[in-house]
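Down below is the structure, laid out as structure tokens.
The values are calculated or read from the model by the stated rules, or taken from the named source; none is laboratory data. Bear in mind that the values here come from a model prediction, so they are computed numbers and not experimental data. So basically every Cβ, Gly included, is an ideal-geometry build from the backbone, and we count neighbours across all protein chains shown. To get the accessible areas, we keep the full protein, side chains included, count just its heavy atoms, and leave off ligands, DNA and RNA. Shrake-Rupley method; radii C 1.70, N 1.55, O 1.52, S 1.80 Å.
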Amino acid sequence: MDFEKVREYIANANIVPKAVFKTDKRKKADAIFFVDKPDELQADNFIIYTFNELDGGKDLRHFTLTIKICCVDPLNIVSLKENLIKLLNFYDRPCDIENIVKLVFSNEGGIYFDENTKCFINPTGRFVI
């Protein structure tokens, strides 16, 4: 499963502000990271995504895609979460992301403060693929 396609799809929607390199503030990157945010990038709002395979099959494979919205200001989480759900919840429409048949949102809810990242985090839920 190529989850880079999901990252590209989110990045192309421009709903997440860009991250900047700490060494060169003019250089920017998408603030959507796999597993963890790199130390060389600085962002007040960013997304971290991970995935797990639920049950292995040859023809049809099921995964959960977990997306965490991380923001310095907790008020930004609400609007970013709404935009992300609108973008990715393909419950009642065909999925626009290449090689993914269905993406369905399952809300997990709850905002907490993470001492390591100094950000508020909302585990947006799991997208079952």
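Considering all different alpha carbon pairs of region 1-106, the Kirkwood hydrodynamic radius works out to 14.9 Å. Considering only alpha-carbon pairs that sit under 8 angstrom and 6 or more positions apart, the relative contact order computed for region 1-88 is 22 percent. Cysteines of the chain lacking any other cysteine Cβ under 4.7 Å from their own Cβ: Cys71, Cys95. Annotation note: GluC sites (Glu not before Pro) in region 1-57 located in DSSP loop regions with a Cβ neighbour count of at most 14 within 10 Å are Glu40. Using a probe radius of 1.4 angstrom, the carbon and sulfur fraction of the accessible surface of the chain is 50%. For the peptides 70-76, 23-29, residues were scored by their other Cβ atoms within 10 Å and the scores averaged per peptide; the highest-first order is 70-76, 23-29. Placing unit charges on each Cβ (+1 for Lys and Arg, -1 for Asp and Glu) gives the chain a dipole about its Cα centre, and among Ser106, Gln42, Asn116 the Cα reaching farthest toward its positive end belongs to Gln42.
Relative to the Cα centre, the charge distribution of the chain, modelled as +1 at Lys and Arg Cβ and -1 at Asp and Glu Cβ, gives a dipole magnitude of about 300 debye. Per residue, region 1-101 exposes 61 Å² of accessible surface when a 1.4 Å probe is rolled over the protein heavy atoms with every protein chain present.
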